[in-house]
Amino acid sequence: MNQVYVARAKEVAARRVGGELMILSARDSKLFSLNETATLIWEGADGVTPLAEIVDQRICRGFEVDRAVAFRDAEEVVTGLVEHGILKVSNMPIEETQ
Amino acid sequence: MHPGSATPQEIAGMVVGRMMGAEIAHDVVVEIGGLPISVRTTSPEFLQMLVDRYSGFLNPEAEPVFELEVEIAAAEMLPGAIDPDADLSVRFEGGRWVLERGDFHAELDPALRRGHIRQTASPYAIDAAFRILHSLLLAKEGGILVHAASAVRNGRAFLFAGVSGAGKTTITRLAPPDVTRLTDEISYLRREGDGYVAYGTPFAGELGQPGENVRAPLAALYLLAQGPVNRIDSVTDADATRALLESVLFFAHDSELVARMFDSAYELVQRVPIQRLTFVPDARIWEVIQ
């Protein structure tokens with residue numbers, strides 16, 4: 001199975017405000033508030049850690065959740081964040097990241 | 001005071017003329033938010049419009065922080081001739097900010113602090129260019145322009161932000177005589193020390209009148225909503241940030257500037273009380289704004 005790598009996009013600004021991770025897109029000036037799962041993925045999206053490892057380390061360890069379900073949920077989250085230009089995704093490690 | 005039209009003698013005192021090719025160019029310095037910007041034009045009609053429109057904000061003594069040269073062009077020579085419905089576009093290309101809308105095309109060089117605008121004689125084009133230029137200048141120092149009314153009472157400034165119809169012009173109209181109007185449309189905030197200072201602006205909304213050219217420390221920012229009773233409610237930092245970002249004037253899709261703007265909004269939320277102000281549209285609302 002090919003690994004999936006995720007990296008934070010450069011064209012966004014992220015700030016944690018009152019415990020909430022808020023992301024402002026330079027592309028369309030839209031503001032996004034990430035939920036808990038999306039925040040964990042965002043924080044782990046260094047471009048070189050495979051998504052599966054991010055799910056294992058940041059989601060499965062902290063929550064009682066089935067690994068397959070967690071990974072499927074994470075893929076959905078990643079798809080949404082990629083569509084909004086917040087994350088980049090690749091089958092190869094992504095060197096350029098914030 | 002904002003006279004409807006300056007006399008020739010008054011204009012002479014505010015304008016510097018110089019030869020530019022075969023024509024005489026005139027410079028006026030418009031100082032908004034403490035940032036003087038000189039505008040050079042060879043059009044006497046455009047000059048008169050500038051002097052009238054920005055009469056309370058002219059400062060011939062000030063050293064400009066940016067120089068604009070305005071070339072008046074026929075509408076068919078402008079971007080609108082190709083696409084009259086084109087939205088405003090602001091982009092950074094080759095070290096210059098390029099601003100484009102149906103009625104003007106501008107190129108601003110931040111390094112040389114100089115720019116050229118080709119526009120129709122419309123006051124709205126130079127007004128838009130001013131707003132964008134000020135937002136770009138302010139972004140570097142943590143200041144912001146906010147789509148909000150603002151006013152000074154007892155030496156302290158209050159901002160009233162909200163979407164169109166939320167009541168910005170209404171609350172401005174209801175202000176008692178001891179309140180000085182800064183603007184009913186675009187509020188101007190600069191960082192100073194640990195807080196912010198609000199400046200009056202000539203940018204008018206429905207009221208159709210410029211604000212007073214005064215400044216005061218910002219005491220509070222209210223998120224406006226109209227309702228059955230007057231009340232002030234606290235909001236979370238996240239909600240305040242969301243609401244503020246919705247109201248901030250920002251034009252450039254540039255990641256560095258977007259990050260700065262986000263920081264500026266965050267800093268403002270940390271340093272200034274931001275509350276929701278629900279109000280009945282009558283004069284009693286000013287009893288709670290002191």
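On the basis of being crowded, with 22+ Cβ neighbours inside 10 Å, closer than 28 Å to B:R271 by Cα and not β-branched (V, I, T), does B:S164 make the cut?
Working: crowded, with 22+ Cβ neighbours inside 10 Å: no; closer than 28 Å to B:R271 by Cα: yes; not β-branched (V, I, T): yes.
Answer is no for this residue.
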Being buried (at least 21 other Cβ atoms within 10 Å of the Cβ), free of Cβ contacts under 8 Å to residues at least 60 places away in the same chain and not in a helix (DSSP H, G or I) is the requirement here; does B:A157 meet it? no
Which members of region A:22-59 meet the condition of being buried (at least 19 other Cβ atoms within 10 Å of the Cβ), within 15 Å of A:V77 (Cβ to Cβ) and within 10 Å of another protein chain (Cβ to nearest Cβ)? A:I23
Among the residues that make up region B:254-264, is at least one of them of a type in the set (F, W, Y), facing chain A (nearest Cβ under 7 Å) and out of contact with any Ser or Thr (no Cβ under 6 Å at 6 or more places or on another chain)? yes
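So that you can scan it fast, the table gives a plain yes or no per residue for (1) under 18 Å from A:I23 (Cβ atoms); (2) crowded, with 18+ Cβ neighbours inside 10 Å; (3) charged (D, E, K, R):
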{"residue": "B:Y188", "(1), (2), (3)": "no, yes, no"}
{"residue": "B:G208", "(1), (2), (3)": "no, no, no"}
{"residue": "B:P217", "(1), (2), (3)": "no, no, no"}
{"residue": "B:D239", "(1), (2), (3)": "yes, no, yes"}
{"residue": "B:V248", "(1), (2), (3)": "yes, yes, no"}
{"residue": "B:D254", "(1), (2), (3)": "yes, yes, yes"}
{"residue": "B:L268", "(1), (2), (3)": "no, yes, no"}
Please state which of the following conditions B:L207 fails to meet, knowing it meets all the rest: (1) modelled with pLDDT of 95 or more; (2) assigned by TED's automatic domain parsing to the domain that holds B:Y266; (3) aliphatic (A, V, I, L, M). (1)
Are any residues in region B:102-113 buried (at least 16 other Cβ atoms within 10 Å of the Cβ) and either in a strand (DSSP E or B) or among the aromatic types (F, W, Y) (or both), and if so, which ones? B:F104, B:H105, B:A106, B:E107, B:L108
Read through the list (1) out of contact with any strand residue (DSSP E or B) (no Cβ under 6 Å at 6 or more places or on another chain); (2) buried (at least 17 other Cβ atoms within 10 Å of the Cβ); (3) assigned to a strand (DSSP E or B), then give the number of the only condition that B:V51 fails. (3)
For region B:19-48, give me each residue that is part of a loop (DSSP other than H, G, I, E, B), more than 20 Å from the chain's Cα centre (by Cα) and among the small types (G, A, S). B:G21, B:A22, B:S43
B:S150 being over 30 Å from B:L99 (Cα atoms) and modelled with pLDDT of 95 or more: no
If we take region B:182-228, then strands (runs of 3 or more DSSP E) inside it with 1 or more residues that are among the acidic types (D, E) are B:186-192
Answer yes or no: is there a residue in region A:59-81 that is within 20 Å of B:L245 (Cβ to Cβ) and in contact with a helix residue (DSSP H, G or I) (Cβ under 6 Å, 6 or more places away or on another chain). no
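Here is a yes/no grid of residues against (1) of a type outside the set (D, E); (2) touching a helix residue (DSSP H, G or I) at 6+ places or on another chain (Cβ under 9 Å):
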site: B:K140; (1), (2): yes, yes
site: B:V152; (1), (2): yes, no
site: B:I171; (1), (2): yes, yes
site: B:D184; (1), (2): no, yes
site: B:R191; (1), (2): yes, yes
site: B:E206; (1), (2): no, yes
site: B:I232; (1), (2): yes, no
site: B:F250; (1), (2): yes, yes
Of (1) surrounded by fewer than 21 Cβ atoms within 10 Å (Cβ to Cβ); (2) within 14 Å of chain B (Cβ to nearest Cβ); (3) small (G, A, S); (4) closer than 23 Å to A:M92 by Cα, A:G19 satisfies every one except (4)
Filter region B:232-250 down to the residues that are more than 9 Å from chain A (Cβ to nearest Cβ) and not in a helix (DSSP H, G or I), then identify the one that is farthest from B:E287 (Cα to Cα). B:L249
Can you name every residue in region A:36-58 that is out of contact with any helix residue (DSSP H, G or I) (no Cβ under 6 Å at 6 or more places or on another chain) and of a type in the set (D, E, K, R)? A:E36, A:E43, A:D46, A:E53, A:D56
Out of (1) within 14 Å of chain B (Cβ to nearest Cβ); (2) farther than 30 Å from B:S89 by Cβ; (3) acidic (D, E), the one A:E11 does not meet is (2)
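Rundown of residues vs (1) surrounded by 19 or more Cβ atoms within 10 Å (Cβ to Cβ); (2) not assigned by TED's automatic domain parsing to the domain that holds B:Y54; (3) not in a loop (DSSP other than H, G, I, E, B), yes/no style:
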| position | (1), (2), (3) |
| --- | --- |
| B:Y124 | no, no, yes |
| B:A128 | yes, no, yes |
| B:T169 | yes, yes, yes |
| B:P177 | no, yes, no |
Answer yes or no as to whether A:A74 is away from chain B (no Cβ under 14 Å) and either buried (at least 19 other Cβ atoms within 10 Å of the Cβ) or among the aliphatic types (A, V, I, L, M) (or both). yes
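Could you tell me whether A:G85 is of a type outside the set (A, V, I, L, M, F, W, C) and at positive phi? So that I can check it myself, show each step before the final result.
Numbers: of a type outside the set (A, V, I, L, M, F, W, C): yes; at positive phi: yes.
Against the criterion (of a type outside the set (A, V, I, L, M, F, W, C) and at positive phi), A:G85 qualifies.
The values are calculated or read from the model by the stated rules, or taken from the named source; none is laboratory data. Keep in mind that what you see is a predicted model, and the values were worked out from it rather than measured. Reconstructed Cβ throughout: ideal geometry from the backbone, glycine too, with neighbour counts over all protein chains shown.
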